[in-house]
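The values are calculated or read from the model by the stated rules, or taken from the named source; none is laboratory data. Everything numeric in this text was worked out from a predicted model, so none of it was measured. So basically every Cβ, Gly included, is an ideal-geometry build from the backbone, and we count neighbours across all protein chains shown.
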Amino acid sequence: MPADAPRLLLLGCGAFGRVHLAALAALGLAPRVLGFDPDPAAATAARAAFPWLRLAAGLEAGLAACDAVILATPVPTHAALAATVLRAGRDLFLEKPAVERAEEARALLRLAAERGRIVQVGLYFRSHPKARALRALIAEGAFGRLHWLAGRFSGLKRARGDSGALLNDAVHFADLLPWLAGAPVARVFAQLADPLGRGREDLAVLQLRFADGALGLIEAGCVLPGRWPDAVVPGAETRKEIAVAGSAALAEVDFAAETFRLRRGRHRPAAGGAFVPEHAPAETVAAPAAGPVQVVAAELAAFLDCLAARRAPEADLRAGALLPALVLDAARRSAQEGRAVAVEEA
Ligand SMILES: NC(=O)c1ccc[n+]([C@@H]2O[C@H](COP(=O)([O-])OP(=O)(O)OC[C@H]3O[C@@H](n4cnc5c(N)ncnc54)[C@H](O)[C@@H]3O)[C@@H](O)[C@H]2O)c1
């Protein structure tokens, strides 16, 4: 740990807050960390798992004693707590979904600019080695022209009390797919359903058209068959997988199974106007497996680098909060109006 490592305040010591604590310990930052959670049971559980954890007496005391905040609280608290952190002049690592609506992202953007603060959104998959390897292959042209990017973030798991499938699940791939494509989502046609009758969309299907013409699909929800044990939620069964296709290659990445299959090749013209696939056998792309603690440690290490250099993170408020929120806002509008909707300009 560098002697001048920033002092960090973790707000929210619940399930994912504890993943952050494990990641902070792995980075050797435990002595620089304070935690705060208004729920005594959550604070006690965090102390039991991480006996080194020092707890702040309250939000104000915690803010006074830190340089930067990690915010891992329920979704509806994000916008107000993030604004409090920025007004206090602290940098911020803000867990996904950063906000519930794009207008909250715009307000945070203005505040962060006014206060000269660095904000990184916790978009887990951007730091997964398999997503990074796929993005590098796309960027070097291995896929040719992309025509398809699809993601399934679904399974059989608890419906979170604070959000439905859009903010909890779809947000991951509403960010990841355009990040991979290097092109924003231009239009969305979405269908949402409330299969549990609890007033939230626990099932979401989003058809996308990217600005460069590629098509996309996101399936999200907690009421579908899962395939693998979830690495974050004990007892849940999950699918976290993406498929990408272009004129020169096809790929499937399964984050839960930690597999990455690539097929290079093209369709070639054949007799009678047909085009036939001429693809090599599947190859396995070598990209390491990574569990939640490793991925979050990579996210936090990148955040700390940005703080040290006073540089904007890749997943800053514009890229990590506003752009995905605009896609999800368009999805809600599309589902309500029963038509495809253009994603608003950032
Ligand atoms: N990146 C990922 O893959 C990933 C995975 C899981 C959760 N998350 C995100 O992490 C966040 C937290 O999720 P979770 O599963 O840990 O939820 P959780 O309900 O288990 O924990 C949230 C904790 O925040 C505490 N809290 C509430 N108000 C607070 C306040 N004002 N100050 C401090 N603490 C407060 C609660 O008491 C609770 O202990 C959510 O935004 C969620 O979307 C991200």
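From the list 73, 77, pick out the single residue that is near the ligand (Cβ under 9 Å from one of its atoms), touching a strand residue (DSSP E or B) at 6+ places or on another chain (Cβ under 6 Å) and polar (S, T, N, Q). Don't jump to the end; show me each part of the working.
On the way: 77 fails: touching a strand residue (DSSP E or B) at 6+ places or on another chain (Cβ under 6 Å).
Answer to the selection: 73.
Going through region 53-70 one residue at a time, which ones are more than 10 Å from the ligand (Cβ to nearest atom), part of a helix (DSSP H, G or I) and surrounded by 15 or more Cβ atoms within 10 Å (Cβ to Cβ)?
The one that is more than 10 Å from the ligand (Cβ to nearest atom), part of a helix (DSSP H, G or I) and surrounded by 15 or more Cβ atoms within 10 Å (Cβ to Cβ): 63.
Is it true that some residue in region 302-325 is on the phi > 0 side of the Ramachandran plot and not assigned by TED's automatic domain parsing to the domain that holds residue 173? Give the derivation first.
Keep residues of region 302-325 that are on the phi > 0 side of the Ramachandran plot, which gives 310.
With not assigned by TED's automatic domain parsing to the domain that holds residue 173 added as a condition, the list becomes 310.
Yes; the residues of region 302-325 include at least one that is on the phi > 0 side of the Ramachandran plot and not assigned by TED's automatic domain parsing to the domain that holds residue 173.
Being within 16 Å of the ligand (Cβ to nearest atom), crowded, with 24+ Cβ neighbours inside 10 Å and not small (Gly, Ala, Ser) is the filter here, so list the residues in region 142-167 that pass it.
Matches in region 142-167: 153, 166, 167.
If you check residue 98 against the conditions, is it touching a strand residue (DSSP E or B) at 6+ places or on another chain (Cβ under 9 Å), assigned to a loop (DSSP other than H, G, I, E, B) and within 13 Å of the ligand (Cβ to nearest atom)?
Numbers: touching a strand residue (DSSP E or B) at 6+ places or on another chain (Cβ under 9 Å): yes; assigned to a loop (DSSP other than H, G, I, E, B): yes; within 13 Å of the ligand (Cβ to nearest atom): yes.
Answer is yes for this residue.
Which ones in region 280-304 are among the β-branched types (Val, Ile, Thr) and more than 15 Å from the chain's Cα centre (by Cα)?
Within region 280-304, the first condition is being among the β-branched types (Val, Ile, Thr), and the residues that meet it are 284-285, 293, 295-296.
Result: 284, 285.
Looking at 6, 38, which one is assigned to a loop (DSSP other than H, G, I, E, B) and within 14 Å of the ligand (Cβ to nearest atom)?
Details: 6 fails: within 14 Å of the ligand (Cβ to nearest atom).
Going through 6, 38 in turn, just one is assigned to a loop (DSSP other than H, G, I, E, B) and within 14 Å of the ligand (Cβ to nearest atom): 38.
Which condition number in (1) within 14 Å of the ligand (Cβ to nearest atom); (2) among the small types (Gly, Ala, Ser); (3) over 30 Å from residue 198 (Cβ atoms) is the one that residue 139 fails?
(1)
What strands (runs of 3 or more DSSP E) completely inside region 249-308 contain at least 1 residues that are in contact (Cβ under 8 Å) with a residue 24 or more places away in the chain and in contact with a helix residue (DSSP H, G or I) (Cβ under 7 Å, 6 or more places away or on another chain)? Spell out the reasoning first.
Numbers: elements: 249-254, 259-269, 275-279.
So the answer is 249-254, 259-269.
From the residues in region 202-219 that are closer than 17 Å to residue 326 by Cα and buried (at least 20 other Cβ atoms within 10 Å of the Cβ), which one is nearest to the chain's Cα centre (by Cα)? Break it down stepwise before answering.
Of region 202-219, the ones closer than 17 Å to residue 326 by Cα are 204-211, 216-218.
Right, trim to buried (at least 20 other Cβ atoms within 10 Å of the Cβ) and you get 204, 206, 208, 210, 216, 218.
Details: 204: 17, 206: 17, 208: 18, 210: 19, 216: 17, 218: 14 Å.
Step by step, filter region 202-219, then rank; the result is 218.
Does region 80-95 contain at least one residue that is touching a helix residue (DSSP H, G or I) at 6+ places or on another chain (Cβ under 7 Å), part of a helix (DSSP H, G or I) and either in the same structural domain as residue 171 (by TED's automatic domain parsing) or within 8 Å of the ligand (Cβ to nearest atom) (or both)?
No, there is no match, as no residue in region 80-95 is touching a helix residue (DSSP H, G or I) at 6+ places or on another chain (Cβ under 7 Å), part of a helix (DSSP H, G or I) and either in the same structural domain as residue 171 (by TED's automatic domain parsing) or within 8 Å of the ligand (Cβ to nearest atom) (or both).
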